[in-house]
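In what follows, a single structure is set out as C-alpha cells and then discussed.
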Amino acid sequence: MLIFKQLVFGLLLPAIVGGGLFVFASKNGRNQVEKATGLSFGWLVGVALGIGYIVGYIGLEGIPPFPPREGVHWLCYLALIGLILGAFWHFRRWIDVIAKLVVSIILPRLLLGSMFKYSWGQFEGIIWWVCLAVVIFIFWSTVRMSFILLPWNGWGAFVYFGLSGGTALILAVSGSLRLAQHAGILVALFAAIWLITLVSRRKLRPEDKAPVFPIGASAVIALMLAGIWMNGYFYEEVPASSAILLLISLFLTPVGQIAAVQRLGARRSAFVQVAVIALPVVVAIGIAIAFSGLFGENSGY
C-alpha cells in the first residue's frame, strides 16, 4: 500500500499536474511570444514545475510545517519561492541579479541551520556560507545558460531528466530513500515534459525553434536541485565527489558550441553534448555505489 501511494502521489500525480500545466503554458506561450513579452510562457512553465513538485511533496509528506523543522521541509517552500521569482526575471537586470544574490545568500542559512548551530564554529560557518552562496549563484546562472545552449527539440528536458534521475539513484544507494523520493518527483516532471516536447515539436521547423525551458523557469529548477543536493550532502551519506560531479555536469553544456562538435551536424552534435554532460553523472553514480558497499565491502577511498 505504501509503495502504491509513493508511485501515485510521488510520481504519477506530479507528472500529470506538471505536464498538464506545461501543455497549457506552451499553448499560451506562443501567443505571448508573438506579442514580444514572453512573460506568460516563462512564468507558467515555472508554475508547472513548482506546482508539480508541491503536489508530489504533499502527496509524500503532507503539508510541511512552518517554520520548517528539517532541511527536507524547506524543499516545498523552495518550489514556491522559485515559481514566484519566475514572474520577475524580465524586470531590469540589476533587480534580477539582486534577487538571485539575496536568495543565494539566504538559502544556505535556511537549509543548514542545524549545521551552523551545532556542527560549525563561527569562522568555519562563515567560510561555508560564503562558498555555498557563491556556488548557488553561479549554478543558477549556469542553469539559465543551459536553456539557451542545449538543443531545442526536447534535449533540454532530457538532460534535466537524467540529472534528477542520477540524483535520485545516488541518494537511494547512499541510504536516503526519503530524499530520493523527492528527487523522483523531479524525474517524473522532467520525463513528462520531455515526452510532451517530443510529440509537440516533432513537426516544427528549425526556424521555429525555441528553448524547452524559458528563463523564468530557472529559479524553480536551480533552487530545487540545490536544495536536494545540499540536503543529500550535509544531512545524508552522499559522497562529496558525487555531489561535486552532479554540480559540474551542467558546466559542460558549452561543449556543444565547439566548432569541431558543431561540424558533426545537428543530431550528432546533440548526442555528443548530452553524452559529455551525462559522463560526470554516470561517474557520480558509480562512486556512490562504490561507497555504499552495495557489491561488497566499502572500499574506503
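Just so you know, all these numbers are worked out from the coordinates, no wet-lab data involved. Bear in mind that the values here come from a model prediction, so they are computed numbers and not experimental data. Here Cβ is always computed from backbone atoms with ideal geometry, including for glycine, and neighbour counts include all displayed protein chains.
Entry for segment 169-284 at q = 0.09, 0.17, 0.24 Å⁻¹: log10 I(q)/I(0) = -0.31, -1.03, -1.44, Debye formula applied to identical alpha-carbon scatterers, no solvent contribution. Converting phi to 3J(HN,Hα) with the Karplus coefficients 6.51, -1.76 and 1.60 and the offset θ = phi - 60°, segment 74-84 yields 6, 4, 4, 6, 5, 4, 5, 4, x, 6, 5 Hz in sequence order, with x at every glycine or proline. Each of the peptides 226-234, 48-56, 169-177 was scored by the mean count of other Cβ atoms within 10 Å over its residues; in descending order, highest first, they stand as 48-56, 226-234, 169-177.
A simple spin-label model places pseudo-atoms 7 Å from Cα toward Cβ; at Arg69 and Leu7 they are separated by 3.1 nm. Expressed as a fraction of 2.2 N^0.38 Å, the value expected for a compact globular protein of N residues, the C-alpha radius of gyration of segment 115-193 is 1.40. Taking the convex hull of the alpha carbon positions in segment 216-301 and averaging its projected area over all directions gives 7.5 nm².
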